[in-house]
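Notes follow once the structure below has been shown.
The values are calculated or read from the model by the stated rules, or taken from the named source; none is laboratory data. This structure is a prediction, so every number in the text was calculated from the model and none was measured. Note that we place each Cβ from the backbone using ideal geometry, even for glycine, and neighbour counts take in every protein chain shown. When the accessible area is computed, the model is the full protein with side chains, heavy atoms only, and any ligands, DNA or RNA have been set aside. Shrake-Rupley method; radii C 1.70, N 1.55, O 1.52, S 1.80 Å.
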Amino acid sequence: MKKRWMAVLFILLMVVQLAACGRTCKEKDCKEEIYDDGYCKYHYYMNVGDNLLQDIQGMFEQKE
């Protein structure tokens with residue numbers, strides 16, 4: 001009985017691992033693997049840079 005549960009657990013872990021490795025970037029038409037926060041490396045840094053520019057613009061708009 002214990003061997004059967006170990007086999008089921010092993011199969012379940014393999015399925016979960018395969019599903020996790022198959023994820024791709026959440027940007028439209030991008031098939032790269034996920035780097036961080038659901039984006040590939042390129043789109044992640046593009047998103048971070050865009051957020052940084054918006055923060056900087058917000059700082060200058062508030063001072064006027």
Task: Structure-derived percent of Cα pairs over 18 Å apart - corresponding label in (1) 54; (2) 51; (3) 60 - done: (3)
- [ ] Rounded to whole Hz and in sequence order, give me ³J(HN,Hα) for the stretch 31-46 from the Karplus expression 6.51 cos²θ - 1.76 cosθ + 1.60, θ = phi - 60°, writing x for Gly and Pro.
- [x] 10, 6, 6, 5, 9, 7, 6, x, 10, 6, 4, 4, 5, 5, 5, 5
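Computing the accessible area with a 1.4 Å probe over protein heavy atoms, can you report the carbon and sulfur percentage for the chain? Numbers along the way, then the final one.
Working: 3720 of 6210 Å².
Looking at the chain in its full context, I get 60 percent from C and S.
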Task: Pair N47, V8: separation of 7 Å Cα→Cβ label points (nm) - done: 3.7
Open item on the list: What number comes out for accessible area per residue over the chain if the probe is 1.4 Å? Units Å², please.
Closed with: 97
